[in-house]
1. Can you name every residue in segment 15-46 that is open to solvent by less than 30 Å² (accessible area, probe 1.4 Å) and touching a Ser or Thr at 6+ places or on another chain (Cβ under 8 Å)?
2. Go through segment 199-239 residue by residue and tally those that are closer than 16 Å to Leu143 by Cα and open to solvent by 50 Å² or more (accessible area, probe 1.4 Å).
3. If the Cβ limit is 6 Å and pairs must be 6+ apart or interchain, which residue in segment 1-14 that is more than 14 Å from Leu46 (Cβ to Cβ) pairs with which residue that is in a helix (DSSP H, G or I) and hydroxyl-bearing (Ser, Thr, Tyr)?
4. Take the residues in segment 242-259 that are within 18 Å of the chain's Cα centre (by Cα) and among the small types (Gly, Ala, Ser), then tell me which one is most open to solvent (accessible area, probe 1.4 Å).
5. What is the residue count in segment 62-90 for residues that are over 15 Å from Gln33 (Cβ atoms) and in a helix (DSSP H, G or I)?
6. So which residues in segment 125-154 are within 18 Å of Ser229 (Cβ to Cβ) and either more than 14 Å from the chain's Cα centre (by Cα) or not in a helix (DSSP H, G or I) (or both)?
7. Please pick out the residue among Arg161, Arg191 that is more than 21 Å from Val213 (Cα to Cα) and of a type in the set (Lys, Arg).
8. Hey, does segment 120-135 have a residue that's open to solvent by 70 Å² or more (accessible area, probe 1.4 Å), at pLDDT below 90 and of a type in the set (S, T, N, Q)?
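The values are calculated or read from the model by the stated rules, or taken from the named source; none is laboratory data. Quantities reported herein were computed from a predicted structural model and do not represent experimental measurements. With ideal geometry, Cβ positions are generated from the backbone for all residues, glycine too; neighbour counts draw on all protein chains shown. Just so you know, the surface numbers come from the protein's heavy atoms only, side chains and all, with ligands and any DNA or RNA stripped out. Shrake-Rupley method; radii C 1.70, N 1.55, O 1.52, S 1.80 Å.
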Amino acid sequence: MIPQFTLRLVVGLSLTWSLLPRRLITSGYFRIQMLLVLGLSVLGALTAAQWSEVAEGATRLSVGLLQGALVLIAGVSFLGSVLWTLERRRGGTVAAAMVLTIATLTLLAGVPANGSSAPPWPLTVLDRLSSAGLLGGITATMLLGHWYLTATGMSLVPLARGTLLVQGGAVVRLLSVLAATLLAPPELRERLLQSHLVWTLLRWGAGLVGPLVLALLVPGALRYRNTQSATGILFAAVILTFIGEASALLLWRELGWPL
């Protein structure tokens, strides 16, 4: 489960970088983000053997290819951290785009082929991308809030933009899970309410409703330029999101359906 989680987080982080107003954010933030992705990709490469523990079905992504892609992401991230440290913003942006491209292609390569009992391919793709977007968006935005403790004179526009991304990501993720639940076979929905009720409640309460409600509270704190309160709210949302997405991976392993 660890490589699936880390890969989704890397995709979401790099996607959020591309959507934030980078010219309004100091370079140090992106340097730290690159080092975070470096650590995540190394963790994913070291635990790549666990890839088959989650019921992925027949995919084009082997353990060896996964390790190679994560090692490549680690190398690009290290180079990107150096470029951002040297204030080479254009080079750092290119490195971020490379991380996003490699990570996204790797994530999509792990989507299982359609089978008699497998979920539809578009539904699985939507599940992977919406999960990555919410995980990475809420983590990157929370860390951006922490960055205001160092860059106190930075504009609030990036944090407000990040909050909007989190709100949008939470809505898309909620709709994705709702669609997957409605399209699931009737017997699978019965198992959710019977033998997997606890995980289902964690999935919906902590992983979907909780982050959305908390993200809607952040603009109120930003209205008074209270970045510390906004960051605290986002930190709580990160914890709930991690619980929810971990529950989703466990349900996928048990049921073979994106939920």
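1. Scanning segment 15-46 gives Thr16, Ser27, Gly28, Met34, Val37, Leu40, Ser41, Gly44.
2. Qualifying residue count, segment 199-239: 5.
3. Arg8/Ser131; Val11/Thr104
4. Among those that are within 18 Å of the chain's Cα centre (by Cα) and among the small types (Gly, Ala, Ser), it is Ala246.
5. Qualifying residue count, segment 62-90: 12.
6. If the condition is that a residue be within 18 Å of Ser229 (Cβ to Cβ) and either more than 14 Å from the chain's Cα centre (by Cα) or not in a helix (DSSP H, G or I) (or both), then Leu144, Gly145, His146, Trp147, Tyr148, Leu149, Thr150, Ala151, Thr152, Met154 are the ones that fit.
7. Every option except Arg191 fails the conditions.
8. Checked segment 120-135: no residue is open to solvent by 70 Å² or more (accessible area, probe 1.4 Å), at pLDDT below 90 and of a type in the set (S, T, N, Q).
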